[in-house]
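Notes follow the structure.
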Amino acid sequence: MRGAPLLVGLLLAGAIAGCGGNRYSYARTYQPYGDEGPFLERAVELSYQDVRRFPDRHSEALIAWWGTVSAIDELNAATGEARLTLQYRTYRERHLCQDERDHTCRVTVSQRTIGPFQVLMTVRPEDLVDGTERLWTGSLLKVYGRVTDAGTEESGPTLTVEHYRHFPHGTFVTTAAAGSMRQ
């Protein structure tokens, strides 16, 4: 019976770990949240340049891209249907943290943007509510979508989004924070 508390603890830890991360992935590495897991498993990480050069080659692929919202071009508040312009950012595998505790870590993307891209998506109702957690310019999105248009130099490619994860202001950082945060 001496091993029973240890076994119960291990099972509980495993159950918690199997549930995925918290809403904003406050951890040293990225943790899926909610129903994101299957999208994360199927998605391919193609570079912005690959998609710009050969959009037709990647039209069937489910692409996972990170981007900050630079414009809300169209938004139907009743249905959530939207066209957004995002600035592509590269993701940093190891998140920056204030100290050694996981809850001080923030999803980290590049300070510099690579280029624009458009997304066609349905915004979830909780991301449309006024307040600090709404989807707005400057929000970070991880989108899972398919290339539907090559776009232009000014617009970049267009993705039709099947799933997204929203990180409002204050829930993520760019590599510019490396001076005040640590790995």
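Coordinate-derived values only; no laboratory data. No experiment lies behind these values; they were computed from the predicted model shown. Note that we place each Cβ from the backbone using ideal geometry, even for glycine, and neighbour counts take in every protein chain shown.
Observations
- Among GLY80, GLY34, GLY138: highest mean-square fluctuation, GNM of the chain, C-alpha pairs under 10 Å: GLY34
- Structure-based [θ]222 nm, the chain - -39500 (n - 2.57) summed over DSSP H runs of at least 4, per residue, nearest 500: -4000 deg cm²/dmol
- The long axis of helix 4-18 is offset from the longest Cα principal axis of the chain by roughly 0 degrees.
- Of the residues ARG83, ARG165, the one with the fewest other Cβ atoms within 10 Å heads the list, and the complete ranking is ARG83, ARG165.
- Selection from PRO125, HIS103, ILE63 lying farthest towards where the dipole of the chain points positive, charges on Cβ: HIS103
- Contour excess over end-to-end distance, with Cα ends at LEU46 and HIS103 and 0.36 nm allotted per residue: 17.6 nm
- Length-normalised contact order for the chain - Cα pairs under 8 Å, 6+ apart - percent: 24
- Potential lengthening between THR29 and ARG94 on full extension [0.36 nm per residue; Cα-Cα distance subtracted]: 22.9 nm
- The range 97-132 residues near the modelled ASN76 label - backbone nitrogen below 15 Å, point 7 Å along Cα→Cβ: 120-125
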